[in-house]
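Take a look at the structure set out below.
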Amino acid sequence: EAGVAQSPRYKIIEKRQSVAFWCNPISGHATLYWYQQILGQGPKLLIQFQNNGVVDDSQLPKDRFSAERLKGVDSTLKIQPAKLEDSAVYLCASSLLFSYNEQFFGPGTRLTVL
Amino acid sequence: AQTVTQSQPEMSVQEAETVTLSCTYDTSESDYYLFWYKQPPSRQMILVIRQEAYKQQNATENRFSVNFQKAAKSFSLKISDSQLGDAAMYFCAYKYIFGTGTRLKVLA
């Protein structure tokens, strides 16, 4: 079974530039999560999708971050414009429908904002 | 507010010894699941063990077991017979809320 795929793996940009990350979850997983993991900290949820609907985006900085899940499968997370404090690893995870289901994580995208 | 707290930033254990990682949480729900995830250096996060709050029996997966104290809202992870491959960051989680992690070092 293929795991959660993310691309790119690494990205370096200047502040005020835009960047997009892509995630392909495990086939059949209804729930998709985007997390931000700053060095030395635990993952912080940015947005949770169930199929193609948003369940929770309360911690997503909506003035600069946006996310969508196309046809309830792939998802993209965009930052525009980026700030220095956005430097982090962006993790995508997927799971079956419920909160008691195990989350499967992708390898992450390491973003450096200069 | 729902929170997860890990108070041990780093722990060390000798190979073949036992170590316990601590976690406390807060929730007003009565039925829920708790998780321990492992994040090896430069590798993907994976599930170690899961506990359902309604179950009295502590979960066990091979060398990994939990001590779940529902009233105290405590959920610790015990690793027995520690191996070099156990070295990683360990995160306690409730739903999509993660603690700050404990870095486990295994000494040969």
Rg and Dmax of chain B, Cα atoms only, in Å: 13.2, 42
Among A:88, B:39, B:89 the positive-end extreme of the charge dipole of the protein assembly as shown (Cβ point charges): A:88
Electrostatic dipole magnitude of the range B:3-107 [Cβ: Lys, Arg +1; Asp, Glu -1; Cα centre; debye, to 20]: 120 debye
Residue mean of other protein chain beta carbons inside 10 Å, B:31-39: 3
Rel. contact order, % - alpha carbon contacts under 8 angstrom, at least six apart, chain A: 37 percent
Value in Å of the Kirkwood radius, where chain A supplies the Cα pairs that are averaged: 14.0 Å
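In square angstrom and rounded to 100, what buried accessible area do you get between chains B and A, total over both, with the probe at 1.4 Å? Walk me through the numbers before you get to the answer.
Numbers: alone 6250 and 6390 Å², together 11220 Å².
Between B and A, the summed buried area is about 1400 Å².
Mind checking the per residue accessible area of the protein assembly as shown for me, 1.4 Å probe, whole number of Å²? Before the final figure, lay out the partial values.
Numbers: 11220 Å² over 222 residues.
The answer is 51 Å² per residue.
Return the average number of partner chain Cβ atoms within 10 angstrom of each residue Cβ along peptide A:13-25. Write out the running numbers ahead of the final one.
Details: counts 0, 0, 0, 0, 0, 0, 0, 0, 0, 0, 0, 0, 0.
The shielding value for this peptide is 0.
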In Å², nearest 10: area of residue B:12 left accessible to a 1.4 Å probe: 70 Å²
Rg [Å, one decimal], Dmax [Å, integer] - the protein assembly as shown, C-alpha atoms: 17.7, 52
Ordering of A:74-87, B:58-71 by packing [mean C-beta count within 10 Å, highest first]: A:74-87, B:58-71
Count of Lys pairs (Cα-Cα under 20 Å; at least 8 positions apart or interchain) in the protein assembly as shown: 24
Unit charges on C-beta of K, R, D, E only; dipole of the protein assembly as shown, Debye: 500 debye
Heavy atoms of residue B:33 accessible to a 1.4 Å probe, total area in Å² rounded to 10: 50 Å²
Rounded to the nearest 20 debye, dipole of chain A from Cβ charges on Lys, Arg, Asp, Glu: 380 debye
Inter-chain Cβ neighbour average for residues B:92-99, partner chain, 10 Å: 5
Solvent exposure ordering (accessible area, 1.4 Å, most first) of B:81, A:63, A:56: A:63, B:81, A:56
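Return the percentage of antiparallel bridges among DSSP beta bridges fully within chain A, rounded to the nearest 5 %.
Numbers: 34 of 38 bridges.
Looking only at bridges with both residues in chain A, the antiparallel portion is about 90 percent.
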Given charges at Cβ of Lys, Arg, Asp, Glu: chain A dipole, positive-most of A:43, A:19, A:65: A:19
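The values are calculated or read from the model by the stated rules, or taken from the named source; none is laboratory data. All of these numbers come straight from a predicted model, not from anything done at the bench. Ideal geometry is used to build each Cβ from the backbone, glycine not excepted, and the neighbour counts take in all protein chains shown. To get the accessible areas, we keep the full protein, side chains included, count just its heavy atoms, and leave off ligands, DNA and RNA. Shrake-Rupley method; radii C 1.70, N 1.55, O 1.52, S 1.80 Å.
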